[in-house]
Amino acid sequence: MTTVSTGRRQRRSIVLLRPVPGNSVVHQLWAGTKLLLVAAIGVLMTFYPGWVPIGAVALLVVIAAWLADIPRGVLPSVPRWLWILVFLGGLTATFAGGSPVISMGTVEVGLGGLLNFLRITALSVVLLGLGAMVSWTTNVAEIAPAVATLGRPLRALRIPVDEWAVALALALRAFPMLIDEFRVLYAARSLRPKQVPVRRRGRWRRWWLEAIDLLATAITAALRRADEMGDAITARGGAGQISAAPSRPKTIDWWAFLIVAVVCGVALALELTVAGTSAVTR
């Protein structure tokens with residue numbers, strides 16, 4: 001048995017589903033407006049994932065982050081292995097070839113595969129930034145009333161909109177708490193002295209036992225959090241109060257719809273006319 005050191009460089013953790021405090025115009029937008037805008041932009045990027053729409057949405061995200069005064073500290077540290085995977089993915093995509101083709105002496109290299117890979121990567125980053133903006137500028141308590149308001153027409157079809165809104169709100173509230181619990185468990189586990197067996201069978205057995213202990217502790221913590229949340233909901237009048245708060249758009253929301261519609265409309269027009277780079281063109 002040998003004891004190994006567990007010292008590691010501290011990384012910035014991912015801030016999810018926890019709003020950044022502020023009173024900007026982005027914070028004041030109705031939660032339903034943000035959900036509708038994200039859905040509309042997602043549909044646009046699905047059918048026309050070209051460079052022009054990607055750039056337009058990226059510009060909207062950057063401007064929204066500037067208006068909301070989002071600090072750089074909320075951005076997580078990108079692990080080294082992810083950069084390596086991106087590099088390997090780009091290198092592999094380069095071998096796919098395709099237009100445009102550049103000539104280097106007697107060798108011709110097609111950059112089509114690399115450009116497609118870069119476009120997909122940029123699209124993923126932009127969509128992640130869009131979702132992060134909603135997370136950083138929206139209170140979780142505002143999501144359920146907004147979903148209940150948006151789904152009101154579905155009640156005619158006997159769809160349990162309120163129950164779905166409550167389930168979504170509880171999931172969004174429980175997610176950050178469970179992440180904190182897992183971080184505490186992982187930190188406590190890393191502080192324990194690790195005895196590394198010499199034989200491979202002993203190492204596999206140690207990993208298996210640690211996984212079982214971590215899973216059992218995580219389930220216990222989740223059940224404890226669920227019990228505490230249930231008691232709090234009962235004390236406040238039941239689950240129906242979660243989605244019963246009044247929620248509707250304001251004047252500023254219509255301005256947001258107009259601005260996003262204009263920007264996306266111009267980007268779509270350019271994509272369909274002079275700067276089309278989408279994978280599927282019609």
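Relative to the Cα centre, the charge distribution of region 95-230, modelled as +1 at Lys and Arg Cβ and -1 at Asp and Glu Cβ, gives a dipole magnitude of about 860 debye.
Taking 0.36 nm per residue of sequence separation and removing the Cα-Cα distance, the residue 18/residue 178 pair yields an extension gain of 56.3 nm. Modelled spin-label separation between residue 59 and residue 91, with each label point placed 7 Å from Cα along the Cα-to-Cβ direction: 3.6 nm. When you work out D = kT/(6 pi eta Rh) for the chain at 4 °C and 1.567 mPa s, using the Kirkwood radius from C-alpha pairs as Rh and the Stokes-Einstein form, the result is 56 µm²/s. Computed from backbone phi, the HN-Hα couplings of region 85-100 come to 5, 5, 5, 5, x, x, 5, 5, 5, 5, 6, 6, x, x, 6, x Hz, rounded to whole numbers (Karplus: 6.51 cos²θ - 1.76 cosθ + 1.60, θ = phi - 60°; Gly and Pro given as x). For region 177-193, the Karplus equation 6.51 cos²θ - 1.76 cosθ + 1.60, evaluated at θ = phi - 60°, returns couplings of 5, 5, 4, 4, 4, 5, 5, 5, 5, 5, 5, 5, 5, 5, 7, 6, x Hz by residue, with Gly and Pro reported as x.
Taking a ≥ b ≥ c as the square roots of the Cα gyration tensor eigenvalues, with a/c under 1.5 meaning rounded and otherwise prolate when a/b beats b/c, else oblate, which class fits region 73-146? Prolate.
Backbone phi angles across region 130-137, fed through the Karplus curve with coefficients 6.51, -1.76 and 1.60 (θ = phi - 60°), yield HN-Hα couplings of 5, x, 5, 4, 5, 5, 7, 10 Hz in residue order; Gly and Pro are listed as x. Each label was represented as a point 7 Å from its Cα along the Cα-to-Cβ direction; for residue 231 and residue 277 these points are 5.6 nm apart.
Since every read-out is calculated from the coordinates, none of them should be taken as a lab result. These figures come from a predicted structure and were not determined experimentally. Reconstructed Cβ throughout: ideal geometry from the backbone, glycine too, with neighbour counts over all protein chains shown.
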